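What follows is a single structure, written as structure tokens, with notes after it.
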Amino acid sequence: MNTQGKNLKLMVVDDVEDVCEFMQSHFTRRGFQVLTAGSAEDALPVIKEQSPDIMLLDVNLPQMNGIDMLKAVRQFNNTVKVIMITGYDLDFQKDPEFQKLNVFDVMRKPVTTEALDSNIERLLR
């Protein structure tokens, strides 16, 4: 990855602890300050307080799903750049409700670090 994190805050929201730990390790090495949460309920207060620059958001979360969480985030933060990650074949592009949420991209699992790095690289340009 050419563009280092330059102290940008990256929020990872995924209910799989290993995914959070792996992403934290991967992006910390690239210079990001990495915040993680295992649920929407845990993530929302952190986002309010820390105001991350980028968020990697799993769609399939327990209790509140990623889309509903993003709707809640957009009530108080319109600047965080969001990459949604899903294991499902969902066509968000056709959903007008989803379009309003200002999502940078939707990535399909399994997501490689190369694909993530490349996507974040594009997002930072």
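Considering only Asn65, Thr86, Ser51, the residue lying farthest towards the positive end of the dipole of the chain is Ser51, judged by Cα position with unit charges set on Cβ.
Computed per residue of the chain from DSSP H runs no shorter than four, each worth -39500 (n - 2.57), the mean residue ellipticity at 222 nm is -11500 deg cm²/dmol.
Pairs Lys6/Lys109; Lys6/Lys71; Lys48/Lys109; Lys9/Lys48: which are spaced more than 23 Å apart, C-alpha to C-alpha? Distance filter (> 23 Å) returns Lys6/Lys109; Lys6/Lys71; Lys48/Lys109. Near Lys71: Cβ cut-off under 9 Å, other residues only, Lys/Arg at +1 and Asp/Glu at -1. The net charge is 0. Qualifying trypsin sites (Lys or Arg not before Pro) in region 1-76, where qualification requires a DSSP coil assignment and no more than 11 other C-beta atoms within 10 Å, comprise Lys6. Sites listed here are chymotrypsin sites (Phe, Trp or Tyr not before Pro) in region 37-98 whose DSSP assignment is loop and whose Cβ has at most 11 other Cβ atoms within 10 Å: Phe76, Tyr88. For region 79-118 versus region 1-76, the spacing of their alpha-carbon centroids is 13 Å. The charge dipole of the chain, taken about the Cα centre with unit charges on the Cβ atoms of Lys, Arg (+1) and Asp, Glu (-1), comes to about 620 debye, rounded to the nearest 20. Rounded to a whole number, what is D in µm²/s for region 1-66 from Stokes-Einstein with the Kirkwood radius over alpha-carbon pairs (10 °C, 1.306 mPa s)? For the chosen part, D equals 134 µm²/s. Could you work out the percent of alpha carbon pairs in the chain separated by over 26 Å, rounded to a whole number? For the chain, the fraction of Cα-Cα distances above 26 Å is 12 percent. Take 78-85, 100-107 and order them by the average number of nearby Cβ atoms within 10 Å per residue, most first; the result is 78-85, 100-107.
Coordinate-derived values only; no laboratory data. What you see is a predicted model; the values in this text were computed from it and never measured. Every residue, glycine among them, receives a Cβ derived from its backbone with ideal geometry; neighbour counts consider all protein chains shown.
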